[in-house]
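Read-outs throughout are calculated quantities, based only on the coordinates presented, and are distinct from any laboratory measurement. Quick caveat, the model's predicted, so the values are computed rather than measured. When we count neighbours, we look across all protein chains shown, and the Cβ atoms used for this are built from the backbone with ideal geometry, even at glycine.
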Amino acid sequence: MRASSLSNGKVIELLNRYFIPVYLSNEDFTKEGSAPPEERKERQRIYRETLDAKRSAGSVHVYLVTPGGNAFDSMHVAEAYKVEKLVPMLEAAVKQHNPTMGRSLFPATAQSRHPKTASAALVLHLVARNLVKVDGARVPVRTKLGETRSANWGSYPSEDWIVFSKEETKKLLPSERVEKGLTWELDADLTGRLLVHFYPTTENNDVSKNKIQKQQLKAAVISFENGVARAKLTGHLTMEHWFYHKADGNTVDTRLVGYLDFEPASLRVRTLRLITEDATYNRRPFGVAVSSVESP
Amino acid sequence: MFRLSVCFALACTTPLAAQEFDVSRIDARVALWRPTAEERRFDDIGWAPDLCTALKAAKTHKRPVFLFTHDGHMQFGRC
């Protein structure tokens, strides 16, 4: 839906001018989820009201709620992703409730944001993209978004934010005296927590289901100047990752390359960058790029 | 701009194994694969931070609420 109707100019204009748009992740509403009781109560109330009115209701759904708080229309995602279905639904709601046209009430800001962290934590931003071969080269898939036909897996990249605490970050660094030529293997448990996110857009995003079969990430110091060491990173990953939520034997296979700039004296990581090389998922090309990001 | 394009072209086309270790190539690929503004059109919507805030704002400003519930995390493209 994000690739199609929620990237469509007309839908965006209608939502910003006449509605209060909000999205909820069902994961936050499980028993272990982070949603507060009041949110749970309201979500459940809207769901019940929709069911009682014998309208379409479900977990992946659009609900329209009156300014007074009562559910009055709904649409399953299998319809709502279609621009030609969602626009008339929104226009009918505008006609029915005649809201005052105005600007968006909440600022339009990046929804994928740097997480709030303790100081000195290492924050890594990961982007995973589907690739396509053009003239022998692998280039990103660039789909025109905002159309009904845009709704395909991998039509836009996936992102993850991975945080290592200050103490954890030290495990990435060598315990020996740093000099050019020093080599070591990065802590496998820690790098495993990063590598489980190395998969393209799929319906299954439960990384606890990913099974790393082979992993290695080695570092070699290639320069050490003015108190800053640069280490070249090389490695590989083989990991089972199911496309849907049941076993399908699909695996990620990739070589890894990158670099790590760090201060041996303070055990501080300045920069970490890591990319995949010739990565495949179920034999199809994709790519991942990871970069450390400073706190805003 | 021309230099950047050359850098991107290299990032796309040259296998690493065939090159010397090249930090600028890694940097170029990180930049090239970052989500574009077009891929983040979804961010042009002024989303309310949560349902209770949305319902409160709807009442105050007499606007209907558009609620989308989904599996995964749409904001990260993991859904």
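Hand me the GluC sites (Glu not before Pro) from segment A:1-92 located in a DSSP loop with no more than 11 other Cβ atoms within 10 Å, in residue order please. Qualifying residues, ordered by number: A:GLU32.
Ellipticity at 222 nm from helices only: DSSP H runs of n ≥ 4 in chain A, each -39500 (n - 2.57), divided by the residue count, give -5500 deg cm²/dmol.
Remark: segment A:192-246 carries a charge dipole of roughly 160 debye about the Cα centre, counting +1 on each Lys and Arg Cβ and -1 on each Asp and Glu Cβ.
Shown here for segment A:180-260: trypsin sites (Lys or Arg not before Pro) in loop regions (DSSP other than H, G, I, E, B) with at most 11 other Cβ atoms within 10 Å, namely A:LYS246. Summing charges over neighbours of A:ARG43, with a neighbour being any other residue whose Cβ is under 12 Å away from its Cβ, gives -2 when K and R count +1 and D and E count -1. All other residues whose Cβ lies under 9 angstrom from that of A:TRP184 are scored, Lys and Arg at +1 and Asp and Glu at -1, for a net of -1. Think of the protein assembly as shown as having a plus end and a minus end, set by charges on the Cβ of Lys, Arg, Asp and Glu; of A:ASN70, A:LEU172, A:HIS241, A:ASN70 sits farthest toward the positive end of this dipole. Applied to segment A:84-90, the Karplus parametrisation 6.51 cos²θ - 1.76 cosθ + 1.60 on θ = phi - 60° returns per-residue 3J(HN,Hα) values of 5, 9, 6, 4, x, 4, 5 Hz, with x for Gly and Pro. Taking the Cα centre of segment A:5-97 as reference, the dipole from Cβ charges on Lys and Arg (+1) and Asp and Glu (-1) amounts to some 220 debye.
Of all DSSP bridge pairs formed entirely within the protein assembly as shown, close to 90 percent run antiparallel.
Toward the positive end of the charge dipole of chain A, with +1 on the Cβ of Lys and Arg and -1 on the Cβ of Asp and Glu, the farthest Cα among A:GLY33, A:GLY181, A:HIS114 is that of A:HIS114.
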